[in-house]
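S.K.: Dropping the structure in here first, questions after.
The values are calculated or read from the model by the stated rules, or taken from the named source; none is laboratory data. Note that the structure is predicted; figures quoted are calculated from it, not measured. Neighbour counts are summed over all protein chains in view; Cβ atoms, including those assigned to glycine, are modelled from backbone coordinates with ideal geometry.
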Amino acid sequence: MALDYTKAAQEVLDAIGGADNVVSAAHCATRLRLVLADDSKVDQAAVDNALGAKGNFQASGQLQVIYGTGTVNKVYDEFIRLGNITAATKAEAKAAAAEQQKNPFMRAIKLLGDVFVPIIPAIVASGLLLGILSALSFMDSNGFITLDTNNAWYQILNLVSNTAFTFLQILIGYSAASAFGANPYLGAVIGMLLINPGLQNANTVATEGVQQTFTVIPGLYSIEWTGYQGHVIPIVIAAGILAFIEKRLHKIVPEAFDLFVTPLVSVAATAYIVMLAVGPVFVWAENAILGAIQLLLTLPLGLGSLIMGALYAPTVVTGIHQMYTTIDLGQIASYGVTYWLPLASAANIGQAGAALAVAIKTRDVKIRSLALPSSLSAFMGITEPAIFGVNLRFFKPFVAGCIGGGLGAMFASVAGLAASGTGVTGIFGILLCLNQPVQYIIMFAIAGIVSFAISFMLYRDETPAQDTASTTPAVEAAPAAAEPAPAPSGPTPTSEPAAALPASIVAPLAGNAIPMEQVSDPVFASGVMGGGIAIVPSEGKLYAPADGKVIVLADTSHAVGIAADNGAEILMHVGIDTVGLEGKPFTAHVKVGDHVNAGQLLMDIDLDYIRAQGLDTVTPIIITNTASYEAVEPCANGPVKVGDQVVTVR
C-alpha cells in the first residue's frame, strides 16, 4: 500500500511544534533533517509514531527522521509545501544547526559579522584612504609637509575617504535588515532616519553640547535631539525591531493593503521605539561609561590603562568611542597633552596585529583578501573593517587584539607617553608623540606583536561540521543485534529479497581493517546505520566491494552507495567529516546508475590532502539494509588487500 506522503509530512510537522518552530529543513538520501528553534516543543512520542518514519535521532543539532530512499524525497516535498517553509541545502541546514547550538552571546557576535561582512569592502576602501589623508592633513597643518588641498584631485579623494563613514548607518541599516529577514530598503530608511540632518550631528555634541531637547512626558521625560553618527548598536537593534514588526504585519494585514500599510507602520513604529527608548538608553550608558573611564585612568601602576586598552575595541562596537574626544580635549586643556590618545592607539594597533595574524595564517583566499587590507587600515587608525569584518567575526582574534592593546596601553601609561594633539592613531600617531618617539615605538611593538602572536596561536580556519550520517544512500537500519525491522516503504535498488545463502563483501580498499566500534564517529560506531567493518586505507583508491549498481554518489564524492546483485546495500564513506572538503581529494570514475563489477575502480583519493586538513581517513563499509539479514558478520581484522573478504551477510 502506497504511503500517504501528505499525511506523513503533516504528522511530523505537528509533532515538532509546527512550521514556526522550523529554522531549517533539508533532506539527504534517506532522512528528513530539521533544525528547530525550540526542542522543548517536540512531541517525541508523536515523532516516534509518525506515519512512514522508521526511526529518528538527534545529531549535530538536527532532528533526523528516517524514511528511506525515494520515500524521503516525497515526504520532504510535502513537508515544505504544508509548512510554507523555504527549502535548504544540506550545507545550509548544517550551518543553521551549528548556529542554533551556539550560546546567545556567540550568536550575537555571529549576527554582527553577518551585518558587517557585506559592507566591509566599502569601509575598508574608505578607511585606508581616510587614514592616509588624515595623516597628510596633520603633517600639513603642523609644518611637516606642504599640501595643496585646493584642487579637484584632492577634494574628490577626500569625498571618497569619508562617504562610507558619513553614511555608515544607511549601509548598516540595509545590511542588518537583510540579516534579520526584513525589507533591506526599509532598513536603509531607518539608517537615514538616525542621521537625518534635522538632528544635531552626534560628532558635534562633545564640543558644542546638546543644542535641542524635546518633551515626551511633561515634567518627567524628554529626549535629546541628536543623531547617531558613529554608533553601531542602535541601528542594529532598530533593524531587529523593524524585522519583528514587519514579519508580523505581513501575516495579519490583508494582501490588498499590505504594500503600503506594512512599510508605513513598520518604519513609523520602529522610529518611535528607537528615538524614544533605544537611543536615549545608549546616551545614558555612554555618559556612565565615560565617567567610569575617567576614574579608571587614575588607578596606579597603569592598571586603569590596561583595562581601558583592553576594553577600547569593545566600545568601538557600540560606537561609544566617538565620545572619547571629550577625554582628549579635557586632558589637553588641563595638562597641555593627552594621555588618552596613546591608549587608543595601542588598542587600534592590537586589533591590527590580530587581523594581520589571520591574514597570514588562513588558507581561505576570501578571508585573506579581507583580513590583509583590514589590518592595514587598522594600523592607520581605522579599525572598523578589522573589528567587524575579521576579528569579531572569528572572536578569538578579537580577544587577542584586546589583550595586546591592553598591554601596550599599560606600557604607555607607565612610561608617561603623552600626545600633543588628537585625531591620529596607529602608524601616524607617532607624529603626535615626537617628544617621546622611542616610547611610542615600544608601545606599538608590544601591542602589535602580542596581539599577533596570540591571534596566530588561537585562530583556526572554520571547517564545516559534517553530519556523517547524512550521506547514506540506502535505507537506514537498526544495529545488527536488533530484531529484524519491516522492509522499507521506499523503492529498493533490487527486486529480489536478500539472498538466502551467505553473501560476501570484499575489501574496497587496501589497508588495516578494524571493528566498526572503533570508528571515531559515534553514528557509525553505534551501528545505527547498520553492521559492517571499517578500513584505514593505505592506498588512495576505492574499488567496488561487490557486483552491483551505483545508486548514490555524493555531490562531494566522499560517499558511494552500491546496491549489490547479492541483495546487500553497501555504503562506503571515505573519511570522517570529509564532506567539508568539497570534493577536492576525490576523483570519481563512475556515476549513479552505472553497473560495476567487484574490484572495479570507483574513485581515486588524495589521502595526503585529507590528512593535511587534520581529518581521519578511516572508511566505514556499512550494510545499510542490515535488518533484512539474520546476521552481518565482519570477517577480517588487521591488514587487508583489495578483494579480500571482509564481511559476510546471512
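S.K.: Can you pull out every residue in region 558-607 that is touching a residue at least 60 places away in the same chain (Cβ under 8 Å), surrounded by fewer than 22 Cβ atoms within 10 Å (Cβ to Cβ) and among the acidic types (Asp, Glu)?
M.R.: ASP565, ASP577, ASP604, ASP606
S.K.: Just checking, does region 243-262 include any residue being in contact with an Asp or Glu (Cβ under 7 Å, 6 or more places away or on another chain) and not in a loop (DSSP other than H, G, I, E, B)?
M.R.: yes
S.K.: Next question, about the same structure. Given the criteria modelled with pLDDT under 85 and either aromatic (Phe, Trp, Tyr) or surrounded by fewer than 24 Cβ atoms within 10 Å (Cβ to Cβ) (or both), does PHE394 qualify? Walk me through it before giving the result.
M.R.: Details: modelled with pLDDT under 85: no; either aromatic (Phe, Trp, Tyr) or surrounded by fewer than 24 Cβ atoms within 10 Å (Cβ to Cβ) (or both): yes.
Taking the combined requirement at face value, the residue does not satisfy it.
S.K.: Within region 77-100, restricting attention to residues that are modelled with pLDDT of 85 or more and surrounded by fewer than 23 Cβ atoms within 10 Å (Cβ to Cβ), which residue is farthest from GLY18 (Cα to Cα)?
M.R.: So the residue we want is ASP77.
S.K.: Quick check: is even one residue across region 226-246 charged (D, E, K, R) and over 25 Å from ILE327 (Cβ atoms)?
M.R.: Yes: region 226-246 contains one or more residues that are charged (D, E, K, R) and over 25 Å from ILE327 (Cβ atoms).
S.K.: Just to be sure, is ALA347 touching a Phe, Trp or Tyr at 6+ places or on another chain (Cβ under 7 Å), at pLDDT 90 or above and closer than 20 Å to ALA292 by Cβ?
M.R.: For ALA347, the condition - touching a Phe, Trp or Tyr at 6+ places or on another chain (Cβ under 7 Å), at pLDDT 90 or above and closer than 20 Å to ALA292 by Cβ - is met.
S.K.: Right, another one. Is at least one residue of region 590-611 closer than 14 Å to GLY532 by Cβ, hydrophobic (A, V, I, L, M, F, W, C) and either assigned to a loop (DSSP other than H, G, I, E, B) or modelled with pLDDT under 90 (or both)? Before the answer, list the steps.
M.R.: So in region 590-611, the residues closer than 14 Å to GLY532 by Cβ come out as none.
No, the conditions are met nowhere in region 590-611.
S.K.: For GLY429, are the conditions met, namely being within 9 Å of PRO342 (Cα to Cα), surrounded by 21 or more Cβ atoms within 10 Å (Cβ to Cβ), of a type outside the set (A, V, I, L, M) and in the same structural domain as SER375 (by TED's automatic domain parsing)?
M.R.: For GLY429, the condition - within 9 Å of PRO342 (Cα to Cα), surrounded by 21 or more Cβ atoms within 10 Å (Cβ to Cβ), of a type outside the set (A, V, I, L, M) and in the same structural domain as SER375 (by TED's automatic domain parsing) - is met.
S.K.: Would you call VAL253 buried (at least 17 other Cβ atoms within 10 Å of the Cβ), of a type in the set (Val, Ile, Thr) and in the same structural domain as SER175 (by TED's automatic domain parsing)?
M.R.: Working: buried (at least 17 other Cβ atoms within 10 Å of the Cβ): no; of a type in the set (Val, Ile, Thr): yes; in the same structural domain as SER175 (by TED's automatic domain parsing): yes.
So VAL253 does not fit the description; no.
S.K.: Since ALA453 meets every condition but one in (1) surrounded by fewer than 23 Cβ atoms within 10 Å (Cβ to Cβ); (2) touching a Lys or Arg at 6+ places or on another chain (Cβ under 9 Å), which condition does it not meet?
M.R.: That leaves (2) as the condition not met.
S.K.: Now a separate question. Return yes when SER413 is of a type in the set (Ser, Thr, Tyr), surrounded by fewer than 24 Cβ atoms within 10 Å (Cβ to Cβ) and either closer than 22 Å to PRO437 by Cβ or out of contact with any Leu (no Cβ under 9 Å at 6 or more places or on another chain) (or both) and no when it is not. Steps first, please.
M.R.: On the way: of a type in the set (Ser, Thr, Tyr): yes; surrounded by fewer than 24 Cβ atoms within 10 Å (Cβ to Cβ): no; either closer than 22 Å to PRO437 by Cβ or out of contact with any Leu (no Cβ under 9 Å at 6 or more places or on another chain) (or both): yes.
No; evaluated as a whole, the condition is false for this residue.
S.K.: Can you pull out the residues in region 412-458 that are β-branched (Val, Ile, Thr) and within 39 Å of the chain's Cα centre (by Cα)?
M.R.: THR422, VAL424, THR425, ILE427, ILE430, ILE441, ILE442, ILE446, ILE449, VAL450, ILE454
S.K.: Tell me, which residue of region 497-529 that is over 22 Å from ASP616 (Cβ atoms) and at pLDDT below 75 is surrounded by the most Cβ atoms within 10 Å (Cβ to Cβ)?
M.R.: Looking at the filtered set, the residue picked out is ALA498.
S.K.: Restricting to region 258-313, count the residues that are under 30 Å from ILE349 (Cβ atoms) and either in contact with a Leu (Cβ under 9 Å, 6 or more places away or on another chain) or among the hydrophobic types (A, V, I, L, M, F, W, C) (or both).
M.R.: Qualifying residue count, region 258-313: 24.
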